[in-house]
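Read-outs throughout are calculated quantities, based only on the coordinates presented, and are distinct from any laboratory measurement. Note that the structure is a prediction, hence the values are computed from the model and not measured. Cβ placement follows ideal geometry from the backbone for every residue including glycine, while neighbour counts extend to all protein chains displayed.
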Amino acid sequence: MKALRWHGRGDVRLDDVKAPQLITSDDVIIEVEATGICGTDQEEARHGPVSIPTSSPHPLTGFRAPITLGHEIVGRVIAAGPEAGVAVGTRVTPTPVIWCGKCNQCLAGAISRCEVLAVTGLSADGGLTDFVRVHAYQCLPVPEGIAAATAALVEPYAVAVHALDGVDVSGLLVSVVGFGSVGSCIADVVLSRGADAVIAIDPDPWSRQRAIDGGAAAALEPDQARSMRASLVIEASGAERGLATALLAAESGGAIVVVGLRGGEVPIPLPTLVFGELTIRARVGHDVEAMKQSVAGIASGSFGTRFHEIDVVDLETARSYILDQTSDRRGKKIVFSPRAEPTFRKPRR
């Protein structure tokens, strides 16, 4: 089968690989229906390795590069180990989080902070291929009525749900810095939970227009962030200036939740932080409960369509997108599907 594998920075190849086999008693093999492409995939391809192990195997998974990318997966179980507890034929989406279950963080229920955290698609082979092996404990059932490309949004919506855990957004003006896949999900969840309005902040004009089309009250360029200050700001870009933009976008006494994650350090204007008495918290990934809430939200129609326009692509086009995002995409969510007829193909030159 073909797989889109990371070999090194700028080196993502469409390789021929063997189909995965069951190894442990709780393994399952999933036939992939769709896999969303995330900014994390692009970050690894263009600037990595950030999280992909290269010199030695990951201590929890035994994998190192080359690794098949893709962690926003939906598919159907075609094989299961004797202790899996997941029936063959079940439609599932796996959380990409692989945890040890033994460290202090795991024992406290904070699996996203596992001390030896691994991630499907980064530290174990992922879903940009035909079949993927995961642990049964990673799998959540997905209703049959959800289209595959929409079901591939479960994981980024889970990131949004986890980011807003414990935050009451009802009646608030909320700004989202970075209106990519995760930022769009956050805006959608915020509105579904009763926020008064959402402001999108993004340098890309296509993303700003998509925000307006989906119901955002305003869409600003980063240098306009101070013009409409919000009581809650979510930083979802991970860009070098993202946090600084979020600080400017927050009203005095406001709160900032940092979700965006890329390599490197970011500058923080301390006078803005201190004199504004701003609160900053960080959230990473998600947990199983957030995945469950994400599935339920998409299944009920509470979120999943407001800010998203999806292009379904083949592996060759997915590779081009991961390595060289162009204006062809116009802020769309790119989803790979092995079988569906692509809705977009990169023009040949």
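Sort the range 157-282 into rounded, prolate or oblate with this rule: let a ≥ b ≥ c be the square roots of the eigenvalues of the Cα gyration tensor; rounded if a/c is under 1.5, and if a/c is not under 1.5, prolate when a/b is larger than b/c, oblate otherwise.
On the way: a/c = 1.32, a/b = 1.20, b/c = 1.10.
It is rounded, given that a/c, with a ≥ b ≥ c, falls under 1.5.
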Roughly speaking, what % of Cα-Cα pairs in the range 1-125 are separated by over 20 Å, rounded to a whole number? 48
GNM top mover of CYS139, CYS106, CYS185 - the chain, alpha-carbon springs below 10 Å: CYS106
Grab the beta carbon distance between ALA296 and ILE212, set R0 = 30 Å, and tell me the FRET efficiency rounded to 0.05. 0.60
Along the range 179-191, Karplus-curve 3J(HN,Hα) (6.51, -1.76, 1.60; θ = phi - 60°) to the nearest Hz, with x for Gly and Pro, reads 9, x, 4, 5, x, 5, 5, 4, 4, 5, 5, 4, 5
Dividing the mean separation of Cα pairs under 8 Å (6+ apart) by the residue count of the range 141-276 yields a relative contact order in percent of 20
Given the C-alpha centroids of the range 114-138 and the range 177-197, what is the distance between them in whole angstrom? 27
Using a simple spin-label model with points 7 Å from Cα along the Cα→Cβ vector, what separation in nm is obtained for MET1 and GLN224? 4.5
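So how much slack lies between SER55 and ALA79, counting 0.36 nm per residue of separation and subtracting their Cα-Cα distance, in nm? It would help to have the intermediate numbers written out before the result.
On the way: separation 24, 0.36 × 24 = 8.64 nm, distance 3.16 nm.
Between SER55 and ALA79, full extension yields 5.5 nm more.
Work out, step by step, the length gained on full extension between VAL88 and SER25: first 0.36 nm times the residue separation, then minus their alpha carbon distance; give nm to one decimal. Intermediate values should be presented prior to the final figure.
Values: separation 63, 0.36 × 63 = 22.68 nm, distance 1.42 nm.
Additional length available on full extension: 21.3 nm.
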Which one of GLU277, GLU155, GLU31 has the biggest mean-square fluctuation once the chain is modelled by GNM with Cα springs under 10 Å? GLU277
Determine the percent antiparallel among the DSSP beta bridges restricted to the chain, to the nearest 5. 55
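Does the range 98-177 come out rounded, prolate or oblate by the C-alpha gyration tensor, with a ≥ b ≥ c the root eigenvalues, rounded set by a/c under 1.5 and, if not, prolate when a/b is larger than b/c and oblate if not? List each step's numbers first, then the result.
Numbers: a/c = 2.08, a/b = 1.15, b/c = 1.81.
Judged from the Cα gyration tensor, the range 98-177 comes out oblate (a/c at least 1.5, b/c at or above a/b).
Stretched out fully, how many nm does the piece from LYS18 to CYS103 gain, at 0.36 nm a residue minus the Cα gap?
On the way: separation 85, 0.36 × 85 = 30.60 nm, distance 3.33 nm.
Full-extension gain reported as 27.3 nm.
Give the calculated FRET efficiency between LEU323 and VAL116 to the nearest 0.05, with a Förster radius of 35 Å applied to their Cβ-Cβ distance.
0.70
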